[in-house]
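> Can you keep this structure in mind? I'll have questions shortly.
The values are calculated or read from the model by the stated rules, or taken from the named source; none is laboratory data. From a predicted model like this one, the values you see are computed outputs, not experimental measurements. Positions of Cβ are backbone-derived with ideal geometry, glycine not excepted, and every protein chain shown enters the neighbour counts. Calculation scope for accessible area: heavy atoms of the full protein, side chains included, ligands and nucleic acids excluded. Shrake-Rupley method; radii C 1.70, N 1.55, O 1.52, S 1.80 Å.
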Amino acid sequence: MYEGPVQDLIDELGRLPGVGPKSAQRIAFHLLAAEPADIARLQDALQKVKEGVVFCDICGNVSEQQTCRICRDARRDPASVCVVEEPKDVLAIERTREFKGRYHVLGGALDPLSGIGPDQLRIRELLGRIGSQDVTEVILATDPNTEGEATATYLIRLLKDFPGLTVTRLASGLPMGGDLEFADELTLTRALSGRRTV
Ligand SMILES: [Zn+2]
């Protein structure tokens, strides 16, 4: 334990996902030694992320405007909607340059033990989109882990009710138990092009 502000900083950093106690300590001491200008930039970025970023009205992706860049892009096929858990998964799929449709960000995955049920996710919004627009394919690209699979299974059941809608799931080959964002581009490209109807 350190005294005062240093320990506070280590504690706060340690709350971030993927940052263990050792990394938190390393980052804290890095920041202590950093130039004031660097700290000011970081401060600025942290502040702006809460003030300047909103979630897209349509897809739920992070956006600088009411509607995100992808939803505004007329070249993106509105008939094909790729459903992901988090905005970072949109980035992962965009990196493959394989997908030309639109996205729908759920905001997580079903996880009853953590109190995340269908109402905590943007599932109603998804059904609304499919019902009111000419969506012909929904690609389920939830994470290849227990929660992601459970979410996909749940959605498949709901989406069965839409006539003329094809529901596909990313092909296997993604490392099980992992996060979509950690899959390399080639694996993700293959999973996307080899998607199967469910
Ligand atoms: Zn959007």
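> So, VAL6, is that one over 28 Å from ASN145 (Cβ atoms), in contact (Cβ under 8 Å) with a residue 24 or more places away in the chain and surrounded by 12 or more Cβ atoms within 10 Å (Cβ to Cβ) or not? Step through it out loud before you land on a result.
Values: over 28 Å from ASN145 (Cβ atoms): yes; in contact (Cβ under 8 Å) with a residue 24 or more places away in the chain: yes; surrounded by 12 or more Cβ atoms within 10 Å (Cβ to Cβ): yes.
In short, yes.
> Here's another thing I want to ask about it. With respect to GLY60, is the statement that it is open to solvent by less than 50 Å² (accessible area, probe 1.4 Å) and outside any helix (DSSP H, G or I) true?
Details: open to solvent by less than 50 Å² (accessible area, probe 1.4 Å): yes; outside any helix (DSSP H, G or I): yes.
Spelling it out, GLY60 is indeed open to solvent by less than 50 Å² (accessible area, probe 1.4 Å) and outside any helix (DSSP H, G or I).
> Here's a follow-up. Just checking, which of THR187, THR136, THR168 is among the β-branched types (Val, Ile, Thr), open to solvent by 60 Å² or more (accessible area, probe 1.4 Å), closer than 21 Å to LYS100 by Cα and more than 16 Å from the chain's Cα centre (by Cα)?
Numbers: THR187 fails: open to solvent by 60 Å² or more (accessible area, probe 1.4 Å); THR168 fails: open to solvent by 60 Å² or more (accessible area, probe 1.4 Å).
It is THR136.
> Okay, moving on. Kindly indicate whether any position in the range 31-46 is open to solvent by 60 Å² or more (accessible area, probe 1.4 Å), closer than 30 Å to ILE123 by Cα and not in a strand (DSSP E or B).
Taking every residue of the range 31-46 in turn, at least one turns out to be open to solvent by 60 Å² or more (accessible area, probe 1.4 Å), closer than 30 Å to ILE123 by Cα and not in a strand (DSSP E or B).
> Which members of the range 39-79 meet the condition of being small (Gly, Ala, Ser), within 26 Å of PHE182 (Cα to Cα) and more than 14 Å from the ligand (Cβ to nearest atom)?
The initial filter retains those residues of the range 39-79 that are small (Gly, Ala, Ser), namely 40, 45, 52, 60, 63, 74, 79.
After this cut, where a residue has to be within 26 Å of PHE182 (Cα to Cα) as well, the list is 45, 60, 63.
Residue satisfying the conditions is ALA45 alone.
> Taking only pairs six or more apart or across chains, which ones have beta-carbon atoms under 6 Å, a first residue in the range 123-140 that is part of a helix (DSSP H, G or I), and a second residue that is open to solvent by less than 80 Å² (accessible area, probe 1.4 Å)?
Final answer for the pair search is LEU126/HIS104; ILE130/PHE162.
> Taking ASN145 and the conditions (1) open to solvent by less than 10 Å² (accessible area, probe 1.4 Å); (2) within 25 Å of ASP184 (Cβ to Cβ), which numbered condition does it fall short on, given that it satisfies the others?
Status for ASN145: all satisfied but (1).
> Just to be sure before I move on: is LEU13 in the same structural domain as ASP184 (by TED's automatic domain parsing) and either outside any loop (DSSP other than H, G, I, E, B) or more than 16 Å from the ligand (Cβ to nearest atom) (or both) in the structure I sent?
Details: in the same structural domain as ASP184 (by TED's automatic domain parsing): no; either outside any loop (DSSP other than H, G, I, E, B) or more than 16 Å from the ligand (Cβ to nearest atom) (or both): yes.
In short, no.
> Hey, does the range 130-141 have a residue that's more than 14 Å from the ligand (Cβ to nearest atom) and within 30 Å of LYS48 (Cα to Cα)?
So far as the range 130-141 goes, yes, one or more of its residues are more than 14 Å from the ligand (Cβ to nearest atom) and within 30 Å of LYS48 (Cα to Cα).
> In addition: If you go through the range 68-83 one residue at a time, do you hit one that is among the basic types (Lys, Arg), open to solvent by 40 Å² or more (accessible area, probe 1.4 Å) and over 17 Å from the mean Cα position of the chain (by Cα)? Lay out the reasoning, then the answer.
If we filter the range 68-83 for residues that are among the basic types (Lys, Arg), which is where we start, we get 69, 72, 75-76.
Then drop every residue that is not open to solvent by 40 Å² or more (accessible area, probe 1.4 Å), which leaves 69, 72, 75.
Imposing the further condition that a residue be over 17 Å from the mean Cα position of the chain (by Cα) reduces the set to 72, 75.
Looking through the range 68-83, at least one residue is among the basic types (Lys, Arg), open to solvent by 40 Å² or more (accessible area, probe 1.4 Å) and over 17 Å from the mean Cα position of the chain (by Cα).
> In the range 86-105, what count of residues is obtained for those that are under 15 Å from PRO144 (Cβ atoms), crowded, with 22+ Cβ neighbours inside 10 Å and touching an Asp or Glu at 6+ places or on another chain (Cβ under 8 Å)?
Looking only at that region, the number is 1.
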